Amino acid sequence: MAHRIVTTSFASVYPHYVAKAERKGRSRAEVDEVICWLTGHSQRTLDAVLATDTDFQTFFAEAPRMNPARSLITGVVCGVRVETVADPTMREIRYLDKLIDELAKGKAMERILRSA
């Protein structure tokens with residue numbers, strides 16, 4: 001059985017990502033930058049998705065271009081090692097969770113976005 005987050009609206013969880021980042025002195029723009037880096041969305045297409053009830057599964061399935069460097073995202077989030085998550089959609093969700101965690105922990109954007 002799929003985890004219920006897979007069928008949850010992306011737009012309903014997005015404010016939680018922003019709030020987590022803002023509590024640690026980061027901005028909504030930085031959250032958007034991380035999401036756009038991961039999914040290939042532009043700010044315009046991300047805003048369009050946020051205006052709909054698109055669920056996580058559809059959000060990732062219809063992403064313009066998932067970043068190939070996302071495989072460099074490793075570590076533990078919510079007690080789960082992200083690189084070992086078997087379900088593809090859950091792995092993408094965990095990648096995003098990990099990126100938001102790193103943002104909230106104050107990591108430099110270059111490190112979060114796995115720049116060379």
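A few remarks follow.
- Scanning the stretch 65-112 for residues that are of a type in the set (Gly, Ala, Ser) and closer than 19 Å to residue 20 by Cα yields 75, 79, 104, 106, 108.
- Flag if residue 56 is of a type in the set (A, V, I, L, M, F, W, C), buried (at least 17 other Cβ atoms within 10 Å of the Cβ), in contact (Cβ under 8 Å) with a residue 40 or more places away in the chain and within 19 Å of residue 90 (Cα to Cα): yes
- The C-beta contact set for the stretch 100-114 (first residue under 15 Å from residue 70 (Cβ atoms) and in contact (Cβ under 8 Å) with a residue 12 or more places away in the chain, second residue open to solvent by 10 Å² or more (accessible area, probe 1.4 Å) and aromatic (Phe, Trp, Tyr), distance under 7 angstrom, 6+ apart or interchain) comprises 100/17; 113/37.
- Yes/no for residue 83 being farther than 19 Å from residue 30 by Cβ, at pLDDT below 95 and either part of a loop (DSSP other than H, G, I, E, B) or of a type outside the set (Lys, Arg) (or both): yes
- Pairs, first modelled with pLDDT of 95 or more in the stretch 9-35, second surrounded by fewer than 18 Cβ atoms within 10 Å (Cβ to Cβ) and hydroxyl-bearing (Ser, Thr, Tyr), C-beta under 6 Å, six or more apart: 10/54
- Some residue of the stretch 25-36 being open to solvent by less than 20 Å² (accessible area, probe 1.4 Å) and either acidic (Asp, Glu) or over 16 Å from residue 11 (Cα atoms) (or both): yes
- Residue count for the stretch 61-77 under the criterion of being open to solvent by less than 30 Å² (accessible area, probe 1.4 Å) and within 10 Å of residue 40 (Cα to Cα): the result is 2.
- For the stretch 37-52, the set of residues classified as open to solvent by 30 Å² or more (accessible area, probe 1.4 Å) and closer than 25 Å to residue 85 by Cα consists of 37, 40, listed by residue number.
The values are calculated or read from the model by the stated rules, or taken from the named source; none is laboratory data. For clarity, every value in this text was computed on a predicted model and none was experimentally measured. Backbone-built Cβ (ideal geometry, glycine too); neighbour counts: all protein chains shown. For accessibility, only protein heavy atoms count, side chains too; no ligands or nucleic acids. Shrake-Rupley method; radii C 1.70, N 1.55, O 1.52, S 1.80 Å.
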